[in-house]
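The values are calculated or read from the model by the stated rules, or taken from the named source; none is laboratory data. Keep in mind it's a predicted model, so treat the numbers as computed, not measured. Cβ sites come from the backbone with ideal geometry, for glycine too, and all protein chains shown count toward neighbours. Heads up: the accessible areas ignore ligands, DNA and RNA and are worked out on the full protein's heavy atoms, side chains in. Shrake-Rupley method; radii C 1.70, N 1.55, O 1.52, S 1.80 Å.
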Amino acid sequence: MDKKRTYFVDIDGTIFVYRKFETYRENKAEVIKSTKQFLQQVQDDGHMVILTTARPEEMRDHTIQELYFNNVPFDRLIM
């Protein structure tokens, strides 16, 4: 049995093209396709994907909506 890994991945500038913090709610997130494909592959292989962000906790719902809308695979989100 292969040992499973845990991947910690930042959101802004890694999964989504960087945007200024003040524009998160007004501008749609643009996903970086190569990162999304990588995350899908590691999750398909049974590894855990934990997303991290410096976004404030009050943006949790907005952040989750952006991730789901863009079909970004993840297991947990750390704000």
*Computed over the Cα atoms of the range 27-70, what is the convex hull's projected area averaged over all directions, in nm²?*
3.6 nm²
*asked:* Through the Karplus equation 6.51 cos²θ - 1.76 cosθ + 1.60, θ set to phi - 60°, convert the phi angles of the range 31-48 into ³J(HN,Hα) values in whole Hz; use x for Gly and Pro.
replied: 6, 8, 4, 5, 5, 4, 5, 4, 4, 5, 5, 5, 5, 4, 7, x, 7, 8
*Given the Cα-Cα distance of Phe38 and Ile78 and 0.36 nm per residue of separation, how much length would full extension add, in nm?*
12.5 nm
*Amide H contacts under 5 Å for Val9, placed H, 5+ residues apart*: Ile50, Leu51, Thr52
*Can you give the accessible area per residue of the range 12-69, in Å², using a 1.4 Å probe?*
64 Å²
*Each label point is 7 Å from the Cα along the Cα-to-Cβ direction; what then is the distance between the points at His62 and Phe21, in nm?*
1.2 nm
*Report ³J(HN,Hα) in whole Hz for each residue of the range 56-63, in order, from the Karplus equation J = 6.51 cos²θ - 1.76 cosθ + 1.60 where θ = phi - 60°; Gly and Pro get x.*
x, 4, 5, 9, 4, 4, 4, 5
*Identify the trypsin sites (Lys or Arg not before Pro) of the range 2-79 meeting these criteria: DSSP loop state and at most 13 other C-beta atoms within 10 Å of the C-beta.*
Lys3, Lys4, Arg5, Lys20, Arg25, Lys28
*Translational diffusion coefficient (Stokes-Einstein; Kirkwood radius from C-alpha pairs) of the chain at 37 °C, 0.692 mPa s, in µm²/s*: 253 µm²/s
_Long-range amide H partners of Phe16 with built H, under 5 Å_ = Ile32
*asked:* Ignoring ligands, DNA and RNA, please state the percent of accessible area on the chain from carbon and sulfur, probe 1.4 Å.
replied: 51 percent
*Give me the distance in nm between label points sitting 7 Å out from Cα along the Cα-to-Cβ direction at Lys28 and Ala54, one decimal.*
2.7 nm
*For the chain, which GluC sites (Glu not before Pro) are in a loop by DSSP, counting at most 12 other Cβ atoms within 10 Å?*
Glu26, Glu30
_For a quick check of understanding: with a 1.4 angstrom probe and all protein chains in place, what accessible area in square angstrom does Thr6 have, to the nearest ten?_
70 Å²
